[in-house]
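Encoded as structure tokens, the structure appears first; notes follow it.
The values are calculated or read from the model by the stated rules, or taken from the named source; none is laboratory data. Computed from a predicted structure; not experimentally measured. Positions of Cβ are backbone-derived with ideal geometry, glycine not excepted, and every protein chain shown enters the neighbour counts. For accessibility, only protein heavy atoms count, side chains too; no ligands or nucleic acids. Shrake-Rupley method; radii C 1.70, N 1.55, O 1.52, S 1.80 Å.
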Amino acid sequence: MDNLIQQLINGLSLGSIYALIALGYTMVYGIIKLINFAHGEIYMVGSYVGYTVIRNFNLGLIPALLFSMIFCAILGVIIERVAYKPLRKATRVAALITAIGVSFLLQYTVLLIMGPEVRAFPETIKNKSYEFWGITINEQQITIFVVTVVLMLALQFIVKKTKMGKAMRAVSVDADSAKLMGINVDNTISFTFAIGSALAGAAGVLVGIYYNSIAPMMGTAPGLKAFIAAVLGGIGIIPGAMFGGFTIGIIETLISGYGNSMIKDAVVYGILILILVVKPSGLLGKNTKEKV
């Protein structure tokens, strides 16, 4: 039982990172029905921004998180304005191919600037552990979970209580009607990209703390798993992304703890196939009929 609880705690830490990335996928899809496959690379860029702030400027974790979130928010808006906005009336395939192209552009830009080597993430939190009834929790896990919860609560406040949050919900329901009601749809979409990218930037810093290393190609696998998390919970639904992220994280750690860690990726991708076959709208989503 102690081992099971330990694996659940480890899963919540990993799932927190997946949830933050998945929120970006689900917010963008919810408002413009686009799968932004460059989102994993924004998370990777966030980790390098945090690395640079801590290593070169000797700042702590909170400034690193803030700088990473701000930089990634600006990057997300630039990507939306330059790459996605001109294709808003184009086919979904065109936008999807563009997203993949942006993903490779970000990967190889960081590769050119920072080099291909794996870098050790600077230590910002003491490697101190606490034991309770045979269960070990370290400060990194506590920090990751607390930061994630704070950011999720902030996101819920923005979406539910602010004017821009109301605009986001209106545009996600019907962009044309929202425009007729005086909502600036372009600014609302850009704001959505900014928020989603900022959360990915925070996840990049947290993953540096979790794994103690970063690399230019690190965004691909977590990005795909976060996308699976979004689909599992119900893409386009914010609580679904949170639920899916924590679920995928727990499943991975349970497989690593009780089974073969070599097959954890295969199991996660198998979950994607299963959910698309059984309930494409996700566990928290509702099936909607589409008029032809």
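Here are the numbers for this structure:
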item	result
Enumerated helices (runs of 4 or more DSSP H) restricted to segment 2-105, each holding at least 3 residues that are in contact with a strand residue (DSSP E or B) (Cβ under 9 Å, 6 or more places away or on another chain) and in the same structural domain as Arg119 (by the TED database)	39-57
Selected residue (criterion: farthest from Gly204 (Cα to Cα)) from residues of segment 121-145 that are part of a strand (DSSP E or B) and either among the aromatic types (Phe, Trp, Tyr) or open to solvent by less than 70 Å² (accessible area, probe 1.4 Å) (or both)	Phe132
Options Ile250, Ile195, Ile255: the member that is assigned to a helix (DSSP H, G or I), open to solvent by 10 Å² or more (accessible area, probe 1.4 Å), closer than 21 Å to Gly285 by Cα and out of contact with any Asp or Glu (no Cβ under 6 Å at 6 or more places or on another chain)	Ile250
Unmet requirement for Tyr48, which otherwise passes all of (1) among the hydroxyl-bearing types (Ser, Thr, Tyr); (2) open to solvent by 30 Å² or more (accessible area, probe 1.4 Å); (3) at pLDDT 95 or above	(2)
Unmet requirement for Thr253, which otherwise passes all of (1) under 26 Å from Phe193 (Cβ atoms); (2) modelled with pLDDT of 90 or more	(1)
Every residue from segment 19-34 that is open to solvent by 10 Å² or more (accessible area, probe 1.4 Å) and not aliphatic (A, V, I, L, M)	Tyr29, Gly30, Lys33
Matching residues, segment 157-190, being open to solvent by less than 60 Å² (accessible area, probe 1.4 Å) and under 22 Å from Leu20 (Cβ atoms)	Ile158, Val159, Thr162, Gly165, Met168, Ser172, Thr188, Ile189, Ser190
Count - residues of segment 69-94 that are among the aromatic types (Phe, Trp, Tyr) and open to solvent by less than 90 Å² (accessible area, probe 1.4 Å)	1
Cβ pairs under 8 Å, 6+ apart, first in segment 155-167 and not assigned by the TED database to the domain that holds Met242, second part of a helix (DSSP H, G or I) and among the basic types (Lys, Arg)	Val159/Arg169
Any hit, segment 205-215, residues being open to solvent by 20 Å² or more (accessible area, probe 1.4 Å), part of a helix (DSSP H, G or I) and either without any contact (Cβ under 8 Å) to a residue 12 or more places away in the chain or under 19 Å from Met69 (Cβ atoms) (or both)	yes
